[in-house]
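Everything on this sheet refers to the single structure shown next.
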Amino acid sequence: MAIKFSRKGDRGFTSLRGGQRIPKSGPRPDAYGTLDEASSALGMARASARKPGTGEIILNIQKDLLLLGAELAAEPEDLARFGGQITSRHVARLERCLDELQAKVPLKNEFVYSGEAFSGAAVDLARTIIRRAERKAAGLFHQKVISNPQVLRYLNRLADLLFVLARYEDHSGP
């Protein structure tokens, strides 16, 4: 596949999914760009995962982040046309996964230093990027640029899940 370049972004503007041109430095591209960063960090974690099931969990999250990024890059009136948004079902799936992981890994009631395993450190990196994305999405929500409260719930729950997933990857037991 050849990389196509249009030169349309050469002056610092990008397009939302409906075609509206906005500055690349704006809050929307900043938010969905942060999700892209998180997905890349998760890709590193997935490539180095040590524990059963971690790769599948991360791949599902990466798919959700693509959907969420597309949601942030669309005007509310264009969401149906471009196919979907984050829903309570996505949040519930994260909560189920979080419950399952917490049953597998002992969590200590103390500060955690990242780095017991490379994969765990990569998940922790992704978690901190997700927290940044959450702050950016909260800004969009409070400014009424986006209106879906599930976006904030999803990102908050995802950061919690990634904390536990990192501990799972760091844990030396089964």
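The values are calculated or read from the model by the stated rules, or taken from the named source; none is laboratory data. Being a predicted model, the structure only gives us computed values, none of them experimental. Don't worry about glycine lacking a Cβ; one is built from the backbone with ideal geometry, like all the others, and counts go over all protein chains shown.
Tell me which residues, restricted to the stretch 124-154, are surrounded by 15 or more Cβ atoms within 10 Å (Cβ to Cβ) and among the charged types (D, E, K, R).
D124, R127, R131, R132, E134, K136, R153
If you go through the stretch 50-72 one residue at a time, do you hit one that is buried (at least 18 other Cβ atoms within 10 Å of the Cβ) and hydroxyl-bearing (S, T, Y)?
yes
Go through (1) modelled with pLDDT under 90; (2) closer than 23 Å to G139 by Cα; (3) aliphatic (A, V, I, L, M) and name the single condition V112 misses.
Going through the list (1) modelled with pLDDT under 90; (2) closer than 23 Å to G139 by Cα; (3) aliphatic (A, V, I, L, M), V112 breaks only (2).
Picking from R50, R89, R17, R11, which residue would you name as being outside any loop (DSSP other than H, G, I, E, B) and basic (K, R)?
R89 is the lone residue from the list that is outside any loop (DSSP other than H, G, I, E, B) and basic (K, R).
Against the condition crowded, with 16+ Cβ neighbours inside 10 Å and either over 19 Å from A41 (Cα atoms) or touching a helix residue (DSSP H, G or I) at 6+ places or on another chain (Cβ under 6 Å) (or both), how does L107 come out, does it pass?
For L107, the condition - crowded, with 16+ Cβ neighbours inside 10 Å and either over 19 Å from A41 (Cα atoms) or touching a helix residue (DSSP H, G or I) at 6+ places or on another chain (Cβ under 6 Å) (or both) - is not met.
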